[in-house]
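Working notes, beginning with the structure itself.
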Amino acid sequence: MLVAALVATNASADGGAATGASSGDATQQRVHVHGSARIDAHAARAAGKLVVSGTVVDDTARRIPGARVAISLARGTSPAGVATFSGPGASPEPCAPGATPPVLDRADLLIVATDDAARFCVKLSLPVDRYVVHIASRPAGLVDPAGLDLAVDLALEPVTLRFDPERHVLALDEEGPGAAEVLEVVASTEDDGVTTAAVGIPLSLANEAGSLLGSTVTNASGRARFPVAGASLGAPGRGTLRVSFAGSAEAGSSTQEMQVERRTHVDLDAPGAVDGRVAAGSPEEGTTVVIRARPRCARRGCVATPTGTVEARFGDAIVGAAPLVAGEARVVVTFAAPAANDVPLRFRYVPDTPWFQAGAELGVTLPVRAPSPWKKIPLVLAGLAVIAWLVAGRLPPRDRSDSSGRPSRAPHPPEAGVELVRAGPAAGGWRGRLHDAHEGTPISGARIAVERPAFDRVQVLAQVVADAQGTFALPAIDASPGDTLVAEGTLHAPLRRPLPHPGELDVALVLRRRALLDRLVAWSRRRGRPFDAKPEPTPGHVKRVAAAEFAVARWADAVERAAYGGGVVDAHAQSEVDRLAPADAAERIDGRAEGEVPPRPGPR
């Protein structure tokens, strides 16, 4: 009679966002992340009527009370077409007395609301026939809709299948003779509220790829057991298990799906190590150790390439990190070498997905090699250059001018900013070039816009994307006091400045990883000792001296990972690190303190 208890998940698991700003801080952003709904539904018979019931949950298995569920029917036999709910004695009914009655939105569309437990149930009077029941949830808040189809044959006995218990996390690492995951399914029929075990019906189990995992027959209690080797379940990650009954002359076909997440641990080894000893190196100069990551389930035949990061630790300090590429990480280890000839190092796997889990740490021994004396030559030359610079600073000043006779500018450290190169007419708008403040290279694909803060949002008055040479042209607008010029790249931190006079602009941005370091350095200098250090505080130094200030140490560790871990630092990665910053590190991403307004730049 029914394909029982089907589960459908909306294809788009995560959705877009909305941003806004308050009057107190025009840079504040609100991000709304959308989830997806999942419907679990089945059918039964009661007093000659079809009973369609189920639950609506989100993708974290939380119930969604008050969700609106739309139900429609299509005939499966001639004459095919849409079936209606109207007609004598055909009015849909709630399943329980006092429950909210369904609403007939159209003759062929029924709306049912879920109760406080996220359940819905409706009784339908239909002629005996084969039908397809379309069930779809409507959007609810930040949860996107979902839908599924149930095949129903009212001439056959309905069969309901369910996994008992439902296991949404499956381990692929069990080892030993006969090691396997055992999945149990219960098959039953329901008529007029009486549930009966479905005995002796053949069931098959498959994964989302359609690979058959096993076949069996239900026992006298309607239960079926599927022992499945972990390697057969599929690769680590999210997937679906589907148990099916093909149907018979007396009972209708039925299918049940269960969303699962297959997990495995990741073990590390150093392919170049001999008896636990890697090649000798000088940690003061930086030595590279190649670490290989392998999923533990590979011993049982699963195929997967772990992703994430490998960290190197000397004592409690992180002395190196590198991302996994094709299952290998080239970790550059750098630290002040102790007097010992051999140094113990520990390598730890840091996953970036829940289905790869960290195994035991890998311990190796690094034979310490003294740094090459030739490596000190650049340091000596740098010292001589500093002395020459100090001597030059004591010489009497010279008239510094270019060939045109105009005074030349004194050099200044690279920083983000906007410079009005050449003023233009108000009707000409703004044009110019975006470049990296440190490297001078153009920033293609960066967004540059004119924004106006409002009470509950930010109004974008004009915006463009820089071309491959970093050039842009913004149209003229009716500017007002408080308007802001905003520029941001995928890997470059956002810059906000008061809107300059129309004309040709030179816009410099800094990398997000540099912005994170600059913020930590500025905070450390404001706090003073012990966080400040000469010549400059580093994340490692801040982490070591944080002592009982766990939040500060955690923030410094996150900055260190982002700045030196080798991974991509985009807007999401930067916001995750900034979220850990202490409250007194209230500083804009572009390096200016909150509330500080830079002077309006003028023409050269």
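The values are calculated or read from the model by the stated rules, or taken from the named source; none is laboratory data. The model shown is predicted, which means the values in this text are computed figures rather than measured ones. Here the Cβ is made from the backbone with ideal geometry for all residues, glycine too, and neighbour counts use every protein chain on show. What goes into the accessible areas is simple: the full protein's heavy atoms, side chains included, and nothing from ligands, DNA or RNA. Shrake-Rupley method; radii C 1.70, N 1.55, O 1.52, S 1.80 Å.
Annotations for the structure displayed:
- Region 468-577, Rg to Rh (Cα coordinates; Rh as Kirkwood inverse mean 1/r): 1.10
- Stokes-Einstein D for region 186-276, Kirkwood Rh over Cα pairs, 4 °C, 1.567 mPa s (µm²/s): 82 µm²/s
- Cα centroid separation, region 270-329 to region 436-486 (Å): 43 Å
- Scaled against 2.2 N^0.38 Å for its residue count N, the alpha carbon radius of gyration of region 421-463 is 1.50.
- Largest to smallest accessible area among Asp483, Asp578 [probe 1.4 Å]: Asp578, Asp483
- Cβ-Cβ FRET estimate between Phe455 and Asn341, R0 fixed at 60 Å, reported to 0.05: 0.35
- FRET efficiency for Val325 and Glu261, using Cβ-Cβ distance with R0 set to 30 Å, rounded to 0.05: 0.75
- Once all protein chains are placed together, His438 keeps about 70 Å² accessible to a 1.4 angstrom probe.
- Diffusion constant of region 459-505 at 25 °C, which comes from Stokes-Einstein with the Kirkwood Cα-pair radius and 0.890 mPa s, µm²/s: 205 µm²/s
- Counting all C-alpha pairs of region 153-236, share separated by more than 17 Å (%): 54 percent
- If you wrap the Cα atoms of region 131-191 in a convex hull and average its projected area over all directions, you get 7.5 nm².
- Site pair Thr195 and Ser91 shows an inter-label distance of 3.1 nm when each label is modelled 7 Å from Cα along Cα→Cβ.
- Once the Cα-Cα distance is subtracted from the 0.36 nm per residue extended length, the Ala426 to Ala476 segment shows a gain of 17.3 nm.
- Excluding ligands, DNA and RNA, the accessible surface per residue across region 451-504 is 49 Å² with a 1.4 Å probe.
- Semi-axes of the equivalent ellipsoid of region 281-345 are 28, 11, 9 Å, computed as sqrt(5λ) over the eigenvalues of the C-alpha gyration tensor in descending order.
- Most positive-pole-ward Cα, Ala563, Gln574, Phe550, against dipole of region 522-581 from beta carbon charges: Phe550
- Convex hull volume of the C-alpha atoms in region 247-315, normalised per residue: 152 Å³.
- Diffusion coefficient (Stokes-Einstein, Kirkwood radius over C-alpha pairs, 4 °C, 1.567 mPa s) for region 244-383: 73 µm²/s, rounded to a whole number.
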